[in-house]
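The values are calculated or read from the model by the stated rules, or taken from the named source; none is laboratory data. Just so you know, these numbers come straight off a predicted model, no measurement behind them. Heads up, the Cβs are rebuilt from the backbone with ideal geometry, glycines too, and the neighbour counts pull from every protein chain shown. Heavy atoms of the whole protein, side chains included, go into the accessibility calculation; ligands, DNA and RNA do not. Shrake-Rupley method; radii C 1.70, N 1.55, O 1.52, S 1.80 Å.
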Amino acid sequence: MRENRDVSPTRQSSPARTAAARTTSGPARRPRTPAVDPACAEAVDLARTAAEETARPAPVGEHLGLRAEGDRVVTHYFAALDPAYTGWRWAVTVTRAARAKIVTVSECVLLPGDDALLAPQWVPWLERLRPGDLGPGDLLPTAPDDVRLAPGYAQVDESVEREAQWELGLGRVRVLSREGRDEAAARWYEGVAGPRAPIAASAPAQCSTCGFYVSLAGDLRQMFGVCANEYAPDDGRVVSADHGCGAHSEAVNLPAASEHNPPVIDELGYDVVPSAGEDAGAPDDEALGHS
């Protein structure tokens, strides 16, 4: 009996599969550098025409060179002569289909060069905010995990007991009298640190409910405290308990991390629309769509 040596078609390995297995198991190949297509490289005039149409009315400068982006894809670079874009260059990408002789424009964009003037790196507003930037009507949200704030019940220590044992005026020849205290309280309350200040009128809440509010000692603690928020306009100053500003610790939630640019309005082009007065003089049959 002769042994059957035929191999099932499903078990046969094709040369392509064998080559693929060698490629997968072997070392990674380096990416192939695309060759410059001659037809696309010679399409300098086509690329310049596309750049001039896009840059109009500004002129386009000399040809700065080209670069192969892929198979039959080449980008031509031209100098931008617009004074507002010094150091920039026009990049026009041309391409052609396989076995085709006609070269077409793929895209035309304005790119910065090595000496181009660019805008500074974008910084989120929470990082670029500085003390003194807050004004009337502005709100400064505080993060829920702000390290400068803690729950009120967690801040009980021995300071209250030490303050009760401290004798008022110890080590000083004279202290503030009742009249002097009342005059200072009236002056502070009627000034920019009181509730009638413009920034307090638009505040979301009073300073007495703010985590950055530090009460004064003695009888003045019933009406006044000191602001301890470095971003608030009253940082380090005496404020009334019913004063307020947009830097309240419980103002609002944090906004989204991303910021969107304002909408761009095209004011160069316009459409002519007939006014109501022009349509009023038309006959009734024309107004109804009859001729």
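What the Cβ-Cβ distance of residue 182 and residue 147 gives, at R0 = 30 Å and to the nearest 0.05, is a FRET efficiency of 0.20.
Each of the peptides 178-187, 197-206 was scored by the mean count of other Cβ atoms within 10 Å over its residues; in descending order, highest first, they stand as 197-206, 178-187.
Estimated at the nearest 10 Å², the accessible area of residue 220 is 30 Å² with a 1.4 Å probe.
Per-residue accessible area (protein heavy atoms, 1.4 Å probe) orders 33, 142, 86, 104 as 33, 86, 104, 142, starting from the largest. When the surface is traced with a 1.4 Å probe over the full set of protein chains, residue 127 keeps roughly 120 Å² accessible.
Could you tally the net charge around residue 60, taking each other residue with its Cβ under 14 Å from the Cβ of residue 60, Lys/Arg +1 and Asp/Glu -1?
Working: positive: 48, 56, 89; negative: 45, 52, 53, 62, 82.
Around residue 60, the charge tally is -2.
At the residue level, residue 63 shows approximately 60 square angstrom of accessible surface with a 1.4 angstrom probe and all protein chains present.
Under the definition of Cα pairs under 8 Å and six or more residues apart, what whole-number percent is the relative contact order of region 57-98?
Working: 72 pairs, mean separation 15.1, N = 42.
Once divided by the residue count of region 57-98, the mean separation gives 36 percent.
For residue 237 and residue 106, calculate 0.36 nm times their separation in residues minus their Cα-Cα distance, and state this gained length in nm to one decimal. Mind dumping the intermediate values first?
Numbers: separation 131, 0.36 × 131 = 47.16 nm, distance 6.26 nm.
Extending this stretch completely gives an extra 40.9 nm.
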